[in-house]
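Taking it in order: structure first as structure tokens, then the write-up.
The values are calculated or read from the model by the stated rules, or taken from the named source; none is laboratory data. The structure presented is a predicted model; accordingly, all values stated were derived computationally and were not measured. Positions of Cβ are backbone-derived with ideal geometry, glycine not excepted, and every protein chain shown enters the neighbour counts.
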Amino acid sequence: MRSHFLRGLVLLTAFALPALASAHEVYVLSRSEVRHALALPSFSEWHTVLANLGQFVFWGFIAALIIFVVFFVSISRVLERRFDPFLAKLPPYAPVISRITIGIAFLAASYHQALFGPELPLVGTFGAYANIVTGALILIGLMIVVGFYTRIAALAAFVLFGIEVWAHGIYMLTYANYLGELLLLLILGAHALAFHSEKYDTVHLSVRLARTKKKFAPYAFLILRVAFGISLLYASFYAKILHNNLALMVASLPLAGHTQSLAQVFGFGPHFLVLGAAIVEILIAVFFILGIEIRFTSLFLLFWLSLSLWYFGEAVWPHIILIGIPIAFIFYGYDTYSLEGWLFKREGREPVL
């Protein structure tokens, strides 16, 4: 079974790399290329399916096979008994990873003068107040990283997120992962390994806030998981379905530092690459939202995201949040409201992957 799994994973490589490598086309393309792609009418995904039906069925079968193999390996009682004593020690560190991730992301945003992504420069949204916002981002980032009045910092970040929503509308669903992180901070606070840790909450938190924390704490990682899935889902829908010429341009044009396009490197038609990219990213998003194969999906995302950063030579800072959240999910595992957690969490054990 192991050899078949590894073989299937290798076969999936050529299909999945373009999918995740082009997850944020607005980071890879120049502004003029983005404007040109947005002005073009989208091509038909359905016609692409019909034109590549054989490849579509083959790679769909490979993907389904890997998903089922991982699922049955993951719920193996032998593996659960072996790994669960170790995995059970990890969840307390997940909120810390989440907190430090978003804190570093805000510090990086202040340094690069753009909030959430390079396509959202501070000057473009805040104009003459960009320098003030830069100072606010530094303060917010430092407070969150060290865990000093974390909830107040999160509220301030909420205001900035709200201003971006006012300025850019529904596009901000691309960054719903930040919203999920901020809600987690508001619920759990700094949690542990912080200036104001759980002990601080126990002593100083008002009765009303303590009750609110106790009531919503079980939903904190559910909220983060769904928000993260929504951000991935919308990013894929925006660049690979609604404005799929963004992804098509990435797939069909040689990018900086490369003599061949992705389509030429992997031997697929560029339209088929975009179709596969959309399907893979939508599956990843749905798996996060429903809570299916959480650890495997997180590892998959991290691995291909790393290859994407290496291949395209992209700036790392916009991806900090995309790296940190999956790591937090690897540590946290399955919450009670995840589909696999609900169905297969038993006797103190949970699916390994």
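Here are some notes:
- Qualifying position, being within 24 Å of Ala328 (Cβ to Cβ), assigned to a helix (DSSP H, G or I), touching a helix residue (DSSP H, G or I) at 6+ places or on another chain (Cβ under 6 Å) and among the hydroxyl-bearing types (Ser, Thr, Tyr), among Thr134, Thr212, Thr125, Thr174: Thr174
- Within region 78-94, the set of residues being in contact with a strand residue (DSSP E or B) (Cβ under 8 Å, 6 or more places away or on another chain) and under 17 Å from Glu340 (Cβ atoms) comprises Glu80, Asp84.
- Selection from region 270-306 of residues that are over 19 Å from Val70 (Cβ atoms) and of a type outside the set (Gly, Ala, Ser): Pro270, His271, Phe272, Leu273, Val274, Leu275
- Residue in region 65-76 that is in contact (Cβ under 8 Å) with a residue 60 or more places away in the chain, outside any helix (DSSP H, G or I) and out of contact with any His (no Cβ under 8 Å at 6 or more places or on another chain) present: yes
- Pairs are defined by a Cβ separation below 9 Å, a sequence spacing of at least 6 or placement on different chains, a first member in region 28-39 that is exposed (fewer than 10 other Cβ atoms within 10 Å of the Cβ), and a second member that is part of a helix (DSSP H, G or I) and at pLDDT 75 or above; the pairs so defined are Ala39/Asn245.
One line per residue, one yes/no per condition, for (1) in contact (Cβ under 8 Å) with a residue 60 or more places away in the chain; (2) among the hydrophobic types (A, V, I, L, M, F, W, C); (3) at positive phi; (4) surrounded by fewer than 23 Cβ atoms within 10 Å (Cβ to Cβ):
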{"site": "Thr297", "(1), (2), (3), (4)": "no, no, no, no"}
{"site": "Leu302", "(1), (2), (3), (4)": "no, yes, no, yes"}
{"site": "Ala328", "(1), (2), (3), (4)": "yes, yes, no, no"}
{"site": "Phe331", "(1), (2), (3), (4)": "yes, yes, no, yes"}
{"site": "Thr336", "(1), (2), (3), (4)": "yes, no, no, yes"}
{"site": "Leu343", "(1), (2), (3), (4)": "no, yes, no, yes"}
{"site": "Val352", "(1), (2), (3), (4)": "yes, yes, no, yes"}
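- Within region 194-214, being in contact (Cβ under 8 Å) with a residue 40 or more places away in the chain and exposed (fewer than 15 other Cβ atoms within 10 Å of the Cβ) holds for one residue alone: Phe195.
To keep it simple, each residue is scored yes or no on (1) part of a loop (DSSP other than H, G, I, E, B); (2) buried (at least 22 other Cβ atoms within 10 Å of the Cβ); (3) in contact with a Lys or Arg (Cβ under 9 Å, 6 or more places away or on another chain); (4) modelled with pLDDT of 85 or more.
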| site | (1), (2), (3), (4) |
| --- | --- |
| Val250 | no, yes, no, no |
| Gln260 | yes, no, no, no |
| Leu309 | no, no, no, no |
| Glu314 | yes, no, no, no |
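- Here Phe148 fulfils each of the conditions (1) part of a helix (DSSP H, G or I); (2) within 26 Å of Ser197 (Cβ to Cβ) apart from (1).
- Taken over region 118-140, the criterion of being buried (at least 20 other Cβ atoms within 10 Å of the Cβ) and within 19 Å of the chain's Cα centre (by Cα) is satisfied by Leu120 alone.
- Within region 15-61, tally of residues that are among the aliphatic types (A, V, I, L, M), under 14 Å from Gly276 (Cα atoms) and at pLDDT below 70: 6
- Some residue of region 224-232 being under 30 Å from Ser32 (Cβ atoms), in contact (Cβ under 8 Å) with a residue 12 or more places away in the chain, in a helix (DSSP H, G or I) and not hydrophobic (A, V, I, L, M, F, W, C): yes
- Residue match in region 215-234 (condition: among the hydroxyl-bearing types (Ser, Thr, Tyr) and buried (at least 19 other Cβ atoms within 10 Å of the Cβ)): yes
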